[in-house]
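Please read the structure below before turning to the comments.
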Amino acid sequence: MKTLKFVTACFYLIGATLLIAETLPTKGPLPFSAYDKDNNNVITAKEFDAIKQQRMTQKANNGKMMRNVGNSPTFLDIDTNNDGIITKEELQVHQQKKDL
Ligand SMILES: [Ca+2]
Ligand SMILES: [Ca+2]
């Protein structure tokens with residue numbers, strides 16, 4: 001069954017390459033536009049989670065341990081007024097806080 005294993009490995013490689021095609025920085029804050037996929041100037045929980053998931057997948061592919069997974073910010077951490085969306089200002093405030 002060596003051939004099957006090889007084929008499976010190839011598929012993984014292709015998958016990883018496709019993911020790298022749209023690479024996000026795995027470190028540091030992302031710009032608002034990276035989150036706001038539909039360009040409506042707000043980040044929904046869905047958009048936020050999609051990016052978070054993408055970053056986690058990338059890190060996993062790079063063989064990095066998700067050391068910060070426990071303390072990575074959640075949507076609710078950034079949505080400070082709890083209206084279910086993240087505005088540019090809320091993201092900025094959050095990212096500035098993190099830098100300090
Ligand atoms: Ca959006
Ligand atoms: Ca908000």
Exercise. Out of all the residues in region 25-50, which are free of Cβ contacts under 8 Å to residues at least 12 places away in the same chain and out of contact with any helix residue (DSSP H, G or I) (no Cβ under 8 Å at 6 or more places or on another chain)?
Worked result: P25, K27, G28, P31, S33, N40, K46
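Matching residues to (1) out of contact with any Phe, Trp or Tyr (no Cβ under 9 Å at 6 or more places or on another chain); (2) at pLDDT 75 or above:
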{"position": "T3", "(1), (2)": "yes, yes"}
{"position": "T17", "(1), (2)": "yes, no"}
{"position": "K27", "(1), (2)": "yes, no"}
{"position": "P31", "(1), (2)": "yes, yes"}
{"position": "Y35", "(1), (2)": "no, yes"}
Problem set entry | Selection within region 83-93 - near ligand 2 (Cβ under 9 Å from one of its atoms) and either farther than 14 Å from T44 by Cβ or of a type in the set (S, T, Y) (or both) | T87, E89
Exercise. When D49 is evaluated against the numbered criteria (1) exposed (fewer than 10 other Cβ atoms within 10 Å of the Cβ); (2) at pLDDT 75 or above; (3) closer than 26 Å to L91 by Cα, which criterion, by number, is the only one it fails?
Worked result: (1)
Exercise. Looking only at region 76-93, which residues are not charged (D, E, K, R) and not in a loop (DSSP other than H, G, I, E, B)?
Worked result: L76, I78, I85, I86, L91, Q92, V93
Exercise. Which pairs have Cβ atoms under 8 Å, sit 6 or more apart or on different chains, and link a residue in region 73-95 that is within 18 Å of S33 (Cβ to Cβ) to one that is within 6 Å of ligand 2 (Cβ to nearest atom) and part of a loop (DSSP other than H, G, I, E, B)?
Worked result: I85/D79; I86/D79; E90/D79; E90/N81
Problem set entry | Criterion violated by A60 - all others in (1) modelled with pLDDT of 80 or more; (2) away from ligand 1 (no atom under 16 Å from the Cβ); (3) within 19 Å of V93 (Cα to Cα); (4) among the small types (G, A, S) satisfied | (3)
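The values are calculated or read from the model by the stated rules, or taken from the named source; none is laboratory data. Everything numeric here is computed off the predicted structure, so don't read it as measured data. Backbone-built Cβ (ideal geometry, glycine too); neighbour counts: all protein chains shown.
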